[in-house]
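No value in this document is a laboratory result; all are computed from the given coordinates. Please read all numbers here as calculations on a predicted model, not as lab measurements. Quick reminder, even Gly has a Cβ in these numbers, built from the backbone with ideal geometry, and neighbours come from all protein chains shown.
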Amino acid sequence: MSRIITLLVIFAIGAMPEAAASEDESADSALAWMLGCQGCHGADGRALGDEVPALKNTVARFLSVPGGREYLVQVPGVAMSPLEDEAIAQLTNWMLTTMDSQHLPTGFRKYSAKEVGSLRKNPLGYDAADVRAHLIGKNMALFSN
């Protein structure tokens, strides 16, 4: 019996750092959202007029659109952020799961620092709104409900 308890304790201790890291990443991402994104997108990802699109219940839909995954990291506010690639990856993954988990595609693949670093090399400029409209227009059925 004591051997089972010892094994359970060892297992629990071994699992703790991963859970703690996940909680730390979530807290870091929430703080990064508050400091870098919330000013325009609000605390809940709502739209602010025509200039700032809604993220709440919408943003993960871009992952099911050709070019949409790239778009999410190439918009100026993300691509030009002073955050490191790893922090951007964590923040983007947090945003997707927090703001729009119901529309995550089956087999959702989280962004990695390497992918973010590659995509940020080609940021969108003033054409970001046009690219967004094009992505939505070509996939209207996905964005209409």
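Residue separation of His134 and Met80 scaled by 0.36 nm, minus their Cα-Cα distance, works out to 17.3 nm of gained length. Counting only Cβ charges, +1 for Lys and Arg and -1 for Asp and Glu, the dipole size of the range 28-143 around its Cα centre is about 340 debye. Counting only other residues whose beta carbon sits under 13 Å from that of Asn57, what net charge do I get with K and R as +1, D and E as -1? Overall, the nearby charge balance is +1.
What number, in percent, do you get for the relative contact order of the range 28-143 if the mean sequence gap of Cα pairs under 8 Å and at least 6 apart is divided by its residue count? In percent, rounded to a whole number, it is 31. Determine the sum of side-chain charges near Arg69: Lys and Arg each +1, Asp and Glu each -1, restricted to other residues whose C-beta is under 10 angstrom from that of Arg69. Taking every Cβ under 10 Å from that of Arg69, the sum is -1.
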